[in-house]
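Shown next, in structure tokens, is the structure this report addresses.
The values are calculated or read from the model by the stated rules, or taken from the named source; none is laboratory data. Since the structure is predicted, the reported quantities are computational estimates derived from the model, not experimental observations. As a convention, Cβ positions derive from the backbone with ideal geometry for all residues, glycine included, and neighbour counts pool all protein chains shown.
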């Protein structure tokens, strides 16, 4: 009797732990972009975020890491079809205010990259729609300036970094359902 009970228990546990979880559906919601020359892409050292109690600081501390070129990144959901790791970015409130919100960004040169909102541009520093700041930068990248690519530093814009090159043509919010 004890063997039968153990066998049944083993079968139940096997059924519970071998159940596959269906992958979440990924939805891309287009948000629109301003009709400007948005090729200039500013950057900011992640260490400028110093309030340890802020959602920005906590997100970067928990998920952020620097790639070889000095861009702050976080891991992608490759099992859900997100092909490359996210860049940590800041955008105006038009695109959302929730730290950790994820985006797929396409440039007019055909480059596609993924970003996660890790900081927020202040509304007083953006246009009336809160899409871009005074130098037409829609996206600001968080970086480690000690590791940042020399060409990016020289030009003061991440646009010279080939994976990010081009005007912003499309921004889509990513939702996982």
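Condition check ((1) at pLDDT 95 or above; (2) in a loop (DSSP other than H, G, I, E, B); (3) closer than 23 Å to residue 53 by Cα) across all residues:
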position: 84; (1), (2), (3): no, yes, no
position: 90; (1), (2), (3): yes, no, yes
position: 94; (1), (2), (3): yes, no, no
position: 97; (1), (2), (3): yes, yes, yes
position: 100; (1), (2), (3): yes, yes, yes
position: 106; (1), (2), (3): yes, no, no
position: 110; (1), (2), (3): yes, yes, no
position: 113; (1), (2), (3): yes, no, no
position: 117; (1), (2), (3): yes, no, yes
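Residues that are surrounded by 10 or more Cβ atoms within 10 Å (Cβ to Cβ), at pLDDT 95 or above and touching a helix residue (DSSP H, G or I) at 6+ places or on another chain (Cβ under 8 Å): does the range 7-26 have at least one?
No; the residues of the range 7-26 include none that is surrounded by 10 or more Cβ atoms within 10 Å (Cβ to Cβ), at pLDDT 95 or above and touching a helix residue (DSSP H, G or I) at 6+ places or on another chain (Cβ under 8 Å).
Evaluate the following for residue 124: is it without any contact (Cβ under 8 Å) to a residue 12 or more places away in the chain, farther than 24 Å from residue 61 by Cβ, surrounded by fewer than 19 Cβ atoms within 10 Å (Cβ to Cβ) and touching a strand residue (DSSP E or B) at 6+ places or on another chain (Cβ under 9 Å)?
no
Under 23 Å from residue 156 (Cβ atoms), touching a residue at least 60 places away in the same chain (Cβ under 8 Å), surrounded by fewer than 17 Cβ atoms within 10 Å (Cβ to Cβ) and in contact with a strand residue (DSSP E or B) (Cβ under 7 Å, 6 or more places away or on another chain) - does that describe any residue in the range 45-65?
The answer is yes; a qualifying residue exists.
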